[in-house]
Amino acid sequence: MFRQHVPLDYYAGNFRQVDTTRPCLGIDVWVAGVDGEHFARVPQEVATLFERLRKELNSLEYSWPELTPGQRVIRLSIVLGRVVGRFIQIHPFVNGNGRTSRLLWAWGLLRFGVPPQIRVRQHPEQPNYNSIMADAMRGDFNHLSLFILEHLMGKPPSLPISSRS
């Protein structure tokens, strides 16, 4: 997915970070005039993000049976908006953050039985997508949650796929 889009082989799949053997990973990035997370903090911030994601998904799964379809859609949109938005805000990779964020978004939907609503390889064609991602870079994930909610309207998630027995 990334081979044709990265300048050095080791960029693909490796976080921006302090690494003396791969000095090109030690760079800061910005999107829409907003700085991503400082490269030295990226690995810890990603670990924190995914720990938060685990807790939020577990909480959503436990409450799922008591939620109405409308409540499910809203809660799932909020969780995915915060996770995808924070991922974009961290901007952990030198290249491929948008594609990876859309993959994360698709995975989150599939986990709850919803088919993907968005293409991974290319930006969505909606005119406000870039401004929504710029908002995410500034820490405002509400527009992204609303964007996800709008895509899910009329397609309520089914029961989640769970690793619990």
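Name, by its number, the condition in (1) in contact (Cβ under 8 Å) with a residue 60 or more places away in the chain; (2) surrounded by 18 or more Cβ atoms within 10 Å (Cβ to Cβ); (3) over 24 Å from HIS38 (Cβ atoms) that does not hold for GLY70.
Looking at each condition in turn, GLY70 falls short on (2).
Residue-wise test of (1) touching a His at 6+ places or on another chain (Cβ under 9 Å); (2) buried (at least 20 other Cβ atoms within 10 Å of the Cβ); (3) not in a helix (DSSP H, G or I).
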| site | (1), (2), (3) |
| --- | --- |
| ALA40 | no, no, no |
| PRO43 | no, no, no |
| LEU53 | no, no, no |
| ILE74 | no, no, no |
| ARG82 | no, no, no |
| PRO92 | no, yes, yes |
| ASN95 | yes, no, yes |
| ARG102 | yes, yes, no |
| PRO115 | no, no, yes |
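Quickly run through region 86-97 and pick out the residues that are modelled with pLDDT of 90 or more and either of a type in the set (A, V, I, L, M, F, W, C) or more than 12 Å from LEU53 (Cα to Cα) (or both).
Hits for region 86-97 are PHE87, ILE88, GLN89, ILE90, HIS91, PRO92, PHE93, ASN97.
In region 13-38, what count of residues is obtained for those that are within 18 Å of THR100 (Cα to Cα), of a type in the set (Asp, Glu) and outside any loop (DSSP other than H, G, I, E, B)?
Result for region 13-38: 0.
Please verify whether GLU61 is among the acidic types (Asp, Glu), within 18 Å of PHE141 (Cα to Cα) and in a helix (DSSP H, G or I), treating the condition exactly as stated.
no
Being more than 20 Å from the chain's Cα centre (by Cα), more than 20 Å from ARG111 (Cα to Cα) and at pLDDT below 95 is the requirement here; does PRO7 meet it?
Yes: the conditions hold for PRO7.
The values are calculated or read from the model by the stated rules, or taken from the named source; none is laboratory data. The structure displayed is predicted, hence computed values, not measured ones. Here Cβ is always computed from backbone atoms with ideal geometry, including for glycine, and neighbour counts include all displayed protein chains.
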